[in-house]
Amino acid sequence: MIVLGIETSCDETSVSIVQENKDGGKVLSEKVLSQVKKHQPFGGVVPELASREHSDCISNLTRQVLSETNLNLDDVDAFAATTGPGLLGGLLVGCNYAKGLSIINNKPFLSINHLQGHVLVSRMCKKINFPFLCLLVSGGHSLILLVENFNKFKILGQSIDDAVGEAFDKTAKLLGLGYPGGPLIEKLAKKALGKKEFNLPRPLINDKTMNLSFSGLKTSVRRIIENNISQSEKADLAYEFQKSITECLLKKVMLAIESSKHYKIKDLVLSGGVASNFFIRNQFRELCVKKNINFIVPAKSLCTDNATMIAWAGIEKLRNQRRGDSLDIHPKPRWSLESI
């Protein structure tokens, strides 16, 4: 089975062709065009600008992946596109483009939830049986999930305010680092000397639910920065900010592991853009060793938004439901995993 996937939910335009094989899936070709430099002057993603960029380059990226694989559109078994959640303008571009390819070639169209792609992509490269736990942390989402099947997800906990990636971006802006904030804070945190302790809060860390909160942590950082701290102190602050978030995530995932004992969970997947943070990765790797659970995290290129995860989710969907989705499906800027 060969599926062409399209991802346009935010500020990356991506097209990928994935082929199913006995071990999972193989990426035949993938192109990702980032718009980061276009949005940097604004300190965040401008929706209208993002959709215009998607529209300008999606056809060229599709031609490139087909050329690299020596495939024709006739060779593709289905066309998958992110249909939500995300920015409506961008979703419309990718979704309608995939529908057009589907109609022209008389092949199935597959509507894919962006978060579903993040969760399932680890199964492309490694055998992971259902059910498993997943911590999905990205710029717009922070979810602790019980994954019961390719289309059945139970949200055990989630952020009640800022997502982790959003908190990183906003804190980076306060520190004068720019956008996107996650990699910049991680880089600055490596320069920390530990000379200054800030005693940042760990919101909801003792709460018995698995929910998360990061707005208060960001506010604490802002108040500290208003006191005109030095550059070396900023590095210490970046380190403690990163550590505070990680400790909150660890505590809530430990609760999830305990609450899911009757499922006999063997695997924990860390996914989403924030999963590319090596400090967070290493802390969760140590947790999984203690809990005797397999720790799986996708390659860094598969953590950020990409079309490979959409194509792979399309393969899983087509393999199970054996038919495409209706062309009447409209993009959903808000689309919960639990409603799939």
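Overview of results
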| quantity | calculated |
| --- | --- |
| Flag if F132 is surrounded by 20 or more Cβ atoms within 10 Å (Cβ to Cβ) and within 27 Å of I340 (Cα to Cα) | yes |
| Residue list for the stretch 268-282, restricted to those being under 11 Å from L135 (Cβ atoms) and outside any helix (DSSP H, G or I) | L268, V269, L270, S271, G272 |
| Hits in the stretch 8-40 (condition: part of a strand (DSSP E or B) and among the basic types (K, R)) | K26, K31 |
| Qualifying residue in the stretch 192-207 (condition: closer than 28 Å to Q35 by Cα, crowded, with 16+ Cβ neighbours inside 10 Å and out of contact with any strand residue (DSSP E or B) (no Cβ under 8 Å at 6 or more places or on another chain)) | no |
| Residue list for the stretch 302-320, restricted to those being touching a Gly at 6+ places or on another chain (Cβ under 8 Å) and either modelled with pLDDT under 95 or not aromatic (F, W, Y) (or both) | C303, T304, D305, A307, T308, M309, I310, A311, A313, G314, I315, L318 |
| The stretch 214-270, residues that are among the polar types (S, T, N, Q) and under 25 Å from K126 (Cβ atoms) | T246, S259, S260 |
| Residues of the stretch 219-256 satisfying the condition of being closer than 14 Å to A172 by Cβ and within 20 Å of the chain's Cα centre (by Cα) | Q242, I245 |
| Residues that are farther than 13 Å from L133 by Cα, within 14 Å of the chain's Cα centre (by Cα) and not in a helix (DSSP H, G or I), drawn from the stretch 283-303 | P298, A299 |
| Residue in the stretch 13-31 that is over 18 Å from the mean Cα position of the chain (by Cα) and over 23 Å from N151 (Cα atoms) present | yes |
| Hey, V119 closer than 23 Å to E20 by Cβ and either of a type in the set (G, A, S) or assigned to a strand (DSSP E or B) (or both) or not | no |
| Boolean, I265 is assigned to a loop (DSSP other than H, G, I, E, B), of a type outside the set (D, E, K, R), more than 15 Å from H118 (Cβ to Cβ) and out of contact with any helix residue (DSSP H, G or I) (no Cβ under 7 Å at 6 or more places or on another chain) | no |
| Selection within the stretch 43-83 - touching a Leu at 6+ places or on another chain (Cβ under 6 Å) and outside any helix (DSSP H, G or I) | V76, A78, F79, A80 |
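The values are calculated or read from the model by the stated rules, or taken from the named source; none is laboratory data. These numbers were taken from a predicted model, which means no experiment stands behind them. Positions of Cβ are generated from backbone atoms using ideal geometry, with glycine treated the same way; all protein chains shown enter the neighbour counts.
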